[in-house]
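Undergrad: Handing you this structure, nothing more for now.
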Amino acid sequence: MTTRIDKTFARLRAANQSGFVAYIMGGDPSHAASLELMKALPDAGVDIIELGMPFTDPAADGPVIELAGLRALKSGTTVRSVLDMATDFRKDNDDTPIILMGYANPIHHMGYAEFAAAAKDSGVDGAIIVDLPPEEDGELRAAFDQHDLALIRLATPTTDDARLPTVVAGTKGFVYYVSVAGITGAAKGENAAISDAVNRIRTASGLPVVVGFGIKTPEQSAQVAAHADAVVVGSAIVEAFHKNGKDAALALVKNLSAAAQVNRP
Amino acid sequence: MTNYPDENGRFGSFGGRYVAETLMPPILALESAYKEARKDPSFWAEFDNFAQHYVGRPSPLYFAERLTEYGKGAKIYLKREDLNHTGAHKINNVLGQLLLAKRMGKKRIIAETGAGQHGVATATMAARLGMDCIVFMGAVDIERQKPNVFRMKLLGAEVRSVTSGTSTLKDAMNDALRDWVTHASETFYCIGTVAGPAPYPEMVREFQSIIGREAKAQILKAENRLPDAVVACIGGGSNAMGIFHEFIEDKNVRLIGVEAAGRGVDTDEHAASLTGGAPGILHGNRTYLLQDEHGQINDAHSISAGLDYPGIGPEHSYLHEIGRAEYVSCTDNEAVNAFQLCTKLEGIIPALESAHALPRTLDLAKELGGDGLIIMNMSGRGDKDVNTIAGLMGVEI
């Protein structure tokens, strides 16, 4: 079966374009408001949606995503309510991949098998679980394989040649390259280093490589798109939505996605 | 001795390495440096030299005659970790880790702290070894542990106030992890307890196990037999693991850990992860955690900043599940009363953390009767808590 992720990257390849991935926090500031933003993302040029599942202790995130998560928790957000957003989104959209992003404990508490089944039911395509490195994700990966869901792995500037095979073994969908050794919302990595890393990971994995962390402006989006199969922006969108509302966030998304989706050289 | 953790850092189903990919290479590098160092006699020679001449080891095993009289039962001995340089057991672990950092060529040391004892110990060793030191501390803890904050600054450390989440120990650990992820190549993260990703639980246990090795030799010399029980307070559980480890294979020695029950384990305000929590994943390891029905971490509460943590070291979770150790709890009020009792009867001002172990030690003394023999780990001294106690007594100082 060809997945939504595969179809998306095939379409981008055919158009000789990089894609654009937008991260939003599920339930921030409310279920309804974040769902409304989510539904508007594809028309603003978003090829893949990363949907954040909030956690009280997001040790890999900077203050923007952490505070968004705390607002979401305050509004009553749970793993189930984030999955409900996906279900709702799928009523009008069967093309845009949805990748859940979050931390292990809430889904460990739910049970990995139950989480995988519920994610599939709600029309989700995959997940990134930040604190499940390859050494610890076997149980969740097995559950995801049963439902043909992609468990996306992260590669980072500290992932050297010795470690890369471990990171790409058994990975599906795409690989997410974290372009800076740091937390979300940090400064962007160097373009030359990004280019080298993307080539290395693409060769090792045979999969598309998306690049995120530290990308905030259309200029940076365009720079990274020259090397990556897709560009990910999170904190800047979350911040714009929080401070200035939906229209401002979507205007930013349009600029970022247009910059990413220029034809490749 | 014990043959766990396994090569994946597992104690049964607990432990592991649940960290972001960015931290995996530094953690694996740390593990391999640790494994080399522990086989190197020169590493241990330096450790022993500092332990003896700088920390002041061995710490005495002291027969607490008046507490024993008061308890009307078993003989109570106190393992006097409160007499160590910097006033607690924390320095044993820091000594080992910073000697390892030196070996690895890392000169930037970061640490999290709750009560400030681990922060002070880290700042102390960093000063002695000429290293930069940054201590992450919750804003709430900074307020209730002012003397320790000032000590750290005097020692040349930078104390970073953490205002995220609940502004306590767990948030300090989040921020330390965030710093480590950002500065991994030049930074050594000196974790203060037997928790976190592998190899920390095993490594911290090894550096703290000097407590139990000394205590065993000392009790054999004093009483010519092993104790019936060893009792220690538990936040993350490093002083407990340090004194338990040597006795794990001595099946007749009961190992008793005392968690902080705060305002009561039947309330929402306690820090008793084993008594009131469930297995989960936080700060790099799978272990018992205080959490809600959606897997979100609950705030811990204890009058003692050093026990105010919603998790516990993974080996304790394992010892709990296999039944090798018993875990009980002690409320804020009981600990405060025990603090005053110990001070008046023995002339020893215990850390509020350590005071948690005393009520259960006295219960056990009664249970065991006059032939019984107990070692309680007096993990730290209470000078830092004098302000808290004065406040509770309504005394201005």
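Undergrad: Can you give me the P(r) profile for chain A? Cα pairs, bins 10 angstrom wide beginning at 0, each as a whole percent.
TA: Reading upward from the zero bin: 7, 33, 41, 18, 1.
Undergrad: On a full-extension model of 0.36 nm per residue, what is the gain between A:VAL262 and A:GLU114, subtracting their alpha-carbon distance, rounded to one decimal in nm?
TA: 49.3 nm
Undergrad: Still on this structure, I have one more. What is the spin-label model distance, in nm, from B:LEU220 to B:GLN52 if the labels are put 7 Å beyond Cα along the C-beta direction?
TA: Roughly 2.0 nm, to one decimal.
Undergrad: Among B:TYR288, B:GLY306, B:GLY323, flag the residue with its Cα farthest along the positive direction of the charge dipole of region B:245-354, charges on Cβ as +1 for Lys/Arg and -1 for Asp/Glu.
TA: Farthest towards the positive end: B:GLY323.
Undergrad: Counting only other chains, and only Cβ atoms inside 10 Å, what mean value do you get across the residues of A:57-65? Walk me through the intermediate numbers first.
TA: Details: counts 14, 4, 16, 9, 3, 2, 3, 0, 0.
Mean partner-chain Cβ count within 10 Å for A:57-65: 6.
Undergrad: With +1 on each Lys and Arg Cβ and -1 on each Asp and Glu Cβ, and nothing else charged, work out how big the dipole of chain B is about its Cα centre, in Debye to the nearest 20.
TA: Using only the charged Cβ atoms, the result is roughly 1120 debye.
Undergrad: If we count GluC sites (Glu not before Pro) as exposed when they sit in a DSSP loop and have at most 11 other beta carbons within 10 Å, what is the longest stretch of chain B that avoids them all? Display every interim value, and only then the final one.
TA: Values: sites that count: B:GLU7, B:GLU186, B:GLU249, B:GLU293, B:GLU396.
With a cap of 11 other Cβ atoms within 10 Å, the longest stretch comes to B:8-185.
Undergrad: When B:ASP385, A:ASP148 are ordered from fewest to most other Cβ atoms inside 10 Å of their Cβ, what list results?
TA: Listing B:ASP385, A:ASP148 from fewest to most nearby Cβ atoms yields A:ASP148, B:ASP385.
Undergrad: Which of the lysines could a cross-linker span from A:LYS254 if the Cα-Cα distance has to be under 18 Å and same-chain partners fewer than 8 positions apart are dropped?
TA: Hits, sequence-local ones excluded: A:LYS39, A:LYS216, A:LYS243, A:LYS246.
Undergrad: If you count, for every residue in A:245-256, the Cβ atoms of partner chains within 10 Å of its Cβ, what is the mean? Present the calculation step by step, with values, prior to reporting the outcome.
TA: Details: counts 0, 0, 0, 0, 0, 0, 0, 0, 0, 0, 0, 0.
The shielding value for this peptide is 0.
Undergrad: Stretch A:ASP145-A:ALA10 to full length: gain in nm at 0.36 nm per residue minus the Cα-Cα span? Could you put the intermediate results ahead of the total?
TA: Numbers: separation 135, 0.36 × 135 = 48.60 nm, distance 2.15 nm.
Contour length minus the Cα-Cα distance gives 46.5 nm.
Undergrad: To continue, here is another question. Under a Cβ-only charge scheme (Lys and Arg +1, Asp and Glu -1), can you give me the dipole magnitude of region A:201-258 about the Cα centre, in debye to the nearest 20?
TA: Here region A:201-258 has a charge dipole of around 60 debye.
Undergrad: Let me know the mean shielding of B:155-165 by other chains, meaning the per-residue number of their Cβ atoms within 10 Å of its Cβ.
TA: 1
Undergrad: With unit charges on the beta carbons (Lys and Arg positive, Asp and Glu negative) and the dipole taken about the Cα centre of region A:4-259, which residue among A:ALA40, A:VAL21, A:VAL238 sits farthest to the positive side?
TA: My answer, from the dipole projection, is A:ALA40.
Undergrad: Can you give the FRET efficiency for A:THR87 and B:ALA29, using 1/(1 + (r/R0)^6), R0 = 30 Å, r = Cβ-Cβ distance, to the nearest 0.05?
TA: It comes to 0.10.
Undergrad: With a 10 Å Cβ neighbour count serving as the proxy for reagent exposure, in which order, fewest first, do B:CYS342, B:CYS190, B:CYS233 appear?
TA: Going from least to most buried by this count: B:CYS342, B:CYS190, B:CYS233.
Undergrad: Relative contact order for chain B using alpha-carbon pairs under 8 Å, separation at least 6, rounded to a whole percent?
TA: Reported as a whole number, the value is 21 percent.
Undergrad: I'd like the FRET efficiency for A:ARG80 and B:ILE397, computed as 1/(1 + (r/R0)^6) with the beta carbon distance as r and R0 of 41 Å, rounded to 0.05.
TA: Computed FRET efficiency for A:ARG80 and B:ILE397 comes out at 0.20.
Undergrad: Now for a different question. With a ≥ b ≥ c the root eigenvalues of the C-alpha gyration tensor of region B:238-373, is it rounded (a/c under 1.5), prolate (a/b larger than b/c) or oblate? Before the final figure, lay out each step's value.
TA: Numbers: a/c = 2.08, a/b = 1.28, b/c = 1.63.
It is oblate, given that a/c is not under 1.5 and a/b is not larger than b/c.
Undergrad: List the residues of region A:117-149 whose backbone N lies under 15 Å from a point placed 7 Å from the Cα of B:GLU321 along the Cα-to-Cβ direction.
TA: Under cut-off, by backbone N: A:139.
Undergrad: Dimensions of chain B along principal axes (Cα, Å, largest first)?
TA: For chain B, the Cα spread along each principal axis is 56, 47, 43 Å.
Undergrad: Multiply the residue gap between B:GLU367 and B:ARG128 by 0.36 nm, knock off their C-alpha separation, and tell me the result in nm, one decimal place.
TA: Extra length from B:GLU367 to B:ARG128 when fully extended: 81.5 nm.
Undergrad: Order by neighbour count: B:ASP332, A:ASP88, fewest other Cβ atoms within 10 Å first, most last.
TA: In order of increasing Cβ crowding within 10 Å: A:ASP88, B:ASP332.
Undergrad: Let me ask you something else. Only four residue types carry charge here, +1 at the Cβ of Lys and Arg and -1 at the Cβ of Asp and Glu. Report the dipole size of region B:275-356 about the Cα centre in Debye, rounded to the nearest 20.
TA: Numbers: 3 positive and 11 negative charges, 38 e Å.
So the magnitude is around 180 debye.
Readers should treat all values here as calculations from the given coordinates under stated rules, not as data from a laboratory. These figures come from a predicted structure and were not determined experimentally. Ideal geometry is used to build each Cβ from the backbone, glycine not excepted, and the neighbour counts take in all protein chains shown.
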